[in-house]
Amino acid sequence: MPKYRSAPLAISTMPPGIPNIVGNEAAERFSFYGMRGILVAFMVGYLHLMGSVLGEEMTDPEARERFHAFVSWVYFFPIIGAFLSDAFLGKYRTIIWLSIVYCVGHFCLALMGTVGEPETMMNLGLILIAIGSGGIKPCVSAHVGDQFGKTNSHLITKIFNYFYFSINVGAFIAHLLTPWLLKWYGPHWAFGVPGVLMALATLFFWMGRNKFAHVPAAGLKPLMQIVFSKEGGFALLKLSIIYVFVLVFWALFDQTGSSWVLQAGDMNRQFLGIDWLPSQVQSINPLLVLIFIPLFAQVIYPAIDKVFTLTPLRKICIGLFVMAIAFALVSWTQERIDAGETPSIGWQFLAYILLTASEIMVSIVALEFSYTQAPNAMKSVVMGVFFLSVSFGNKLTEFVNHSIQVKDPIATASEKYAALSEEEKAKEKVEVRFAGFDKKENTDDDIIVTFKKGGVRHRVDFSGTEIIDEAVARLEKAAEKKNAVPSPEEAKALLSDLKDPWGNELVYTRVTRINARVLSMGPDGEVMTPWDQGATISLDLESDEEDDKEKGFFQDLVTPDKAWLDVRKRELGVGEKDEDETGNSYFVGGQATLEGAAYFWFFTKLMGGAAIAFVFVVIFYRTKEYLHEEVSADEAVDEATAR
């Protein structure tokens, strides 16, 4: 095994190897944020089209749940990577080996629809990416710090800013490019390009192996001794108090990749002379980080310091309050959408300014603070525990989205169709029957899903189908007159004489200006249960020709004549309706008990409460710094020779 320098050089300048670390991080972050940025859009609009048979469309709450489950696992594996690094392999070898796992995960995503079952390949790819990306996170951050000794320790803050700068360069480009690739060239290219960048990131990091300080693994026993020592345990306990509050920050921050993307789809996305794709709006965050890092370091922090001493914990506290304000703004924006308006995406851009300011004060500061407060023998472990705060924050958001979903009794309809014999699927139309409220099949309240040849859902029939058909016809007729779905007051007047088979009035909800939902409470007479029966109404205000002009941020680049989604739907026969078809617009159950503005306000209040409580942490917390010893250049040569 090659022998490397095991301690930082006693120099006052930047350590050698830093360009390899920063360059690697930029490429690796492109790969991660590229696939992460389009994941929700892919799950909602593309995944069900990837197989030979049309699958079930994923609902918004389910997509949010699965997105945050993935992010939670990404930030859980750092603690595993940290122990693997500090106890056995060391940081460098841990990064190299797990980066290969990372690359294989991207490869699985790029192959969806060509090898195996699409959802299985997606899950496998996400698991491997979570292991690879998560496992290297604490090692990369700690590996940066390992390059510094006491002589150049004054540069640690600067390099962590550079480090974060490189992350956001990669993220900015990825958030612009991959949504455009997804729309026009499809999932194979959109997931494949980030995979190529991850492979290049791994190669570039390997090329710097002879320039790095390779701090050796302490071994399992010494690591356990320091972790469970009074000093190590107390350091972790103190930092964990900080992380309890920081996890709430992450529960909100990472929703820029889920709920904020879905909200952007309901807004007027023409802004700054650009037609933004919903997933591209995320690019404003890394762009603002590039601007805010020097702005905060050179202007804002010095200005505040003149008023009162700005400690790391005070920065974090201010950042938590700013995050609450950012989410209050998107909550207010969602209220306007719920009321039938189409607000400008500029309001979300303004929220991103606040969110990014919060990120500068919470994320960067907490990362640097964690490193300085960790005993030297457990730097990676503490980095891993820091990332657990991100994991638990996303786990909180995952839990909320799981809890608000109402069970869908016909969610397995496509699976039942796919399990039929080839002879059955060869028929022009095939019925799949589900037991209704009485839990007995072949009774009057059965739910019947009809498929056309090829797996395209044709109809959904239930006890209240006829009355829902009449309600939809009235609502659509009224909507055509003003290019907007009726208001709740207008709908009430339109539907006042209609009753469902159980004698109950219909329930109408306007979701956006062009989307609404009308339902019967079903045989149980209660809303938001698995037995609600209804339909969604969606107005198509743009022609296909107009939609093809929406190129997103890269509209001036050469693009195909048709978006990948349009071509794929045509191949599967999606959208080719006959006069008795209801397709996916009809539903049974499957709603969300917390939606619209209420969803955003829930998290806003949670963040506000956490920020207020953190004030007491600022008052009573006591800090203690740990930094590595260093060697001179001559001593480094002597050490290498001795080895």
Where in the stretch 139-202 are there trypsin sites (Lys or Arg not before Pro) that are in a DSSP coil and have at most 13 other Cβ atoms within 10 angstrom of their Cβ? 150
For peptides 477-489, 159-171, sequence by mean Cβ density within 10 Å, most packed first: 159-171, 477-489
Pulled fully out, how much extra length does the chain show between residue 339 and residue 270, if you take 0.36 nm times their separation in residues and subtract their Cα-Cα distance? 22.8 nm
Which of the lysines could be linked to residue 482 by a straight reach, that is with a Cα gap under 19 Å, when you skip same-chain ones fewer than 8 residues away? 492
Check residue 53: other-chain or 5+ apart residues with amide H under 5 Å from its amide H, H built from backbone geometry? none
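Hey, got the dipole for the chain? About the Cα centre, +1 on K and R Cβ, -1 on D and E Cβ, debye to the nearest 20?
Here the size comes out at about 3240 debye.
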Pairs of alpha carbons in the stretch 289-331 whose separation is greater than 15 Å (percent): 54
Checking the table 416/452; 416/569; 91/379; 150/238; 158/315 against a 19 Å threshold on Cα-Cα, which pairs fail? 416/569; 150/238
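What's the FRET efficiency of residue 504 with residue 104 using the Cβ-Cβ distance as r and R₀ = 60 Å, to the nearest 0.05?
The value I calculate is 0.65.
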Please report the spacing between the Cα centers of the stretch 301-375 and the stretch 585-610 in Å, no decimals. 21
Based on DSSP H runs of at least 4 residues, each adding -39500 (n - 2.57), what is the mean residue ellipticity at 222 nm of the chain after dividing by all its residues, to the nearest 500 deg cm²/dmol? -18500 deg cm²/dmol
In whole percent, the fraction of accessible protein surface over the stretch 348-415 that belongs to carbon or sulfur atoms, probe radius 1.4 Å, stands at 68
Please give the per residue accessible area of the chain, computed with a probe of 1.4 Å over protein heavy atoms only, in Å². 42
If the chain between residue 440 and residue 466 were fully stretched, how many nm would it gain, using 0.36 nm times the residue separation less the Cα-Cα distance? 7.2 nm
Per-pair calculated FRET efficiency, R0 = 60 Å: residue 427 and residue 231 via Cβ, rounded to 0.05: 0.25
Mean shadow area of the stretch 1-124 over all directions, Cα convex hull, nm²: 10.3
Between residue 482 and residue 403, how many nm apart are label points set 7 Å from Cα along the C-beta direction? 3.7
Treating each Cα of the stretch 329-466 as an identical point scatterer and ignoring solvent, apply the Debye formula and state log10 I(q)/I(0) at q = 0.12, 0.15, 0.20 Å⁻¹. -0.82, -0.91, -1.16
Using θ = phi - 60° and Karplus 6.51 cos²θ - 1.76 cosθ + 1.60, couplings along the stretch 184-192 (whole Hz; Gly, Pro as x): 9, 10, x, x, 4, 6, 5, 8, x
First obtain the Kirkwood hydrodynamic radius of the stretch 326-387 from its Cα pairs, then insert it into the Stokes-Einstein equation at 10 °C and 1.306 mPa s, and state the resulting D in µm² per second as a whole number. 113
Within the stretch 498-544, report the chymotrypsin sites (Phe, Trp or Tyr not before Pro) that DSSP leaves as loop and that have at most 16 other Cβ atoms within 10 Å. 502
Sequence ranges 286-295, 382-391, 300-309, ranked by mean other-Cβ count within 10 angstrom, highest first: 382-391, 286-295, 300-309
Grab the beta carbon distance between residue 453 and residue 240, set R0 = 45 Å, and tell me the FRET efficiency rounded to 0.05. 0.20
With all protein chains present, how much of the accessible area of the stretch 466-523 (probe radius 1.4 Å) comes from carbon and sulfur, to the nearest whole percent? 49
Taking every pair of distinct Cα atoms and averaging 1/r, then inverting, what Kirkwood hydrodynamic radius in Å comes out for the chain? 26.7
Within the chain, the percent of DSSP beta bridges that are antiparallel, given to the nearest 5, stands at 95
Just grab the label-to-label distance for residue 492 and residue 150, each label 7 Å out from Cα along the Cβ direction, in nm (one decimal). 7.5
Fully extended contour minus Cα-Cα distance, from residue 311 to residue 571, at 0.36 nm per residue: 87.7 nm
What spacing in nm lies between the two simple spin-label points modelled at residue 621 and residue 52, each 7 Å away from Cα in the Cβ direction? 5.7
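The values are calculated or read from the model by the stated rules, or taken from the named source; none is laboratory data. As the structure is a computational prediction, the values presented were derived from the model and not from experiment. Glycine gets a Cβ as well: all are built from the backbone with ideal geometry, and neighbour counts include every protein chain shown. Note: areas computed on protein heavy atoms with side chains; ligands, DNA, RNA excluded. Shrake-Rupley method; radii C 1.70, N 1.55, O 1.52, S 1.80 Å.
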